[in-house]
Amino acid sequence: MEYLRILSMLAYAFPGQGSQYAGMGKVLLERYPEAEDTFRLADSITGLNLSALLTEASEEELRDTINTQPAIFLYSAALYHILEKSRPPEVVFGHSLGEFSALYAAGVFDFATALNLVIERGRLMGRSGGGTMLAVVGSGARDLAEEVLKGGFSTLVIANYNSPKQVVLSGSEEEVSKAGELLKKLMVDRGKRLRLVPLKVGAAFHSPLMDTAAKEFARLLDEVPFRDPKVPVIMNATGKVAKTSEEVKEALRVQLRSSVRFTDMIAEAVAVGVSEVWEVGPGRVLCGLIYQTTDRITCRPQDPKYLQG
């Protein structure tokens, strides 16, 4: 019986910035009216009309980091509250911002603490400004991006190892632009056909340009009580399972300026026995990345917009 249980191990995966869309809260409420309880709780805790971000905000308003992060967290938490009643997760992980939803689901923080941390994270990241990001998509994306990085850049890094076919470069606008030109040349030289997709972001997330924000956020974390996770959490900065509050805190302190090692995280999920993932949040981005990475996991988006049947 234990062998069968391991084979069917379920993980919840929580998406990050970029998964949002206008009216996502209305879509959720239409299928799950009880989600309004979580929306109202968030509004009462913060004194802000956060629920309006999910139901009334435009695409442009939702692209503002200070709005994006609490909106996605609130949606994800509301959906989690509904789903975990029927089948709770045995492992959790999240992509960048989604890591905070995962940590809440694992019981590391209570709802109010997680929500306030996300609001402050969005404020710090939105205020930092400067720099940009470029997605490199296609077969061999990681190899070419790593070769470009040998060019002696000071701010440029691979911010996201999203899948074997997708990485994201992050750094100053000048260095990202230069990297794009070098990639185009390499594609010609190597006979590769990759897509270079500039991301609509206000800063160079998960790069050295986040150092100041990361230090401020780390100081904030020092004032927050951490609990041991009640289920294993696979962390962004390490790509490995964290089982204690100390391991979680150490990884979270450097998360803002460290790479999101999503490919390693999926390998770790497979290694610990995960065979099924529910994407708990808006959109279905993570399921796409998971399918690009492994054929050993079935992924199901839980956003009602993408539910079948």
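Only the coordinates and a few stated rules stand behind these numbers; no lab work does. All values reported here derive from a predicted model rather than from experimental measurement. Note: ideal-geometry Cβ built from the backbone for every residue, glycine included; neighbour counts use all protein chains shown.
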D_trans [Stokes-Einstein, Kirkwood Rh over alpha-carbon pairs] for the range 183-309, 10 °C, 1.306 mPa s, µm² s⁻¹: 92 µm²/s
Please work out the C-alpha center-to-center distance from the range 198-224 to the range 51-79 and express it in whole Å. 19 Å
Total formal charge among the other residues, if their Cβ is under 13 angstrom from that of Asp228, Lys/Arg +1 and Asp/Glu -1: +2
Taking Cα atoms of the range 132-198, Rg/Rh with Kirkwood Rh, to two decimals? 0.91
So if each residue of separation counts as 0.36 nm, and I subtract the Cα-Cα distance between Glu36 and Ser58, what length gain in nm does that give? 6.0 nm
Two-decimal log10 I(q)/I(0) for the chain, as the Debye equation yields it once each C-alpha is a single scatterer, q = 0.13, 0.14, 0.16 Å⁻¹: -0.91, -1.06, -1.37
Give the lysines reachable from Lys230 as a straight Cα distance under 18 Å; neighbours fewer than 8 places away on the same chain don't count. Lys85, Lys240, Lys243, Lys249
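Give the Rg/Rh ratio for the range 232-286, taking Rg as the radius of gyration of the Cα atoms and Rh as the Kirkwood radius, to two decimals.
Computed over Cα atoms, the ratio is 0.98.
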List the residue ranges in the chain for DSSP H helices whose C-alpha atoms run 24 angstrom or more along the long axis and whose Kyte-Doolittle average is 0.5 or above. 65-83
How large is the dipole of the chain about the Cα centre if only Lys and Arg carry +1 and Asp and Glu carry -1, each at its Cβ, rounded to the nearest 20 debye? 780 debye
Return the lysines within reach of Lys185: Cα separation strictly under 21 angstrom, same-chain partners fewer than 8 residues apart disregarded; answer none if there are no such residues. Lys150, Lys165
Treating every alpha carbon of the range 92-163 as one equal point scatterer without solvent, the Debye formula yields log10 I(q)/I(0) values at q = 0.17, 0.18, 0.20, 0.26 Å⁻¹ of -0.83, -0.87, -0.94, -1.12
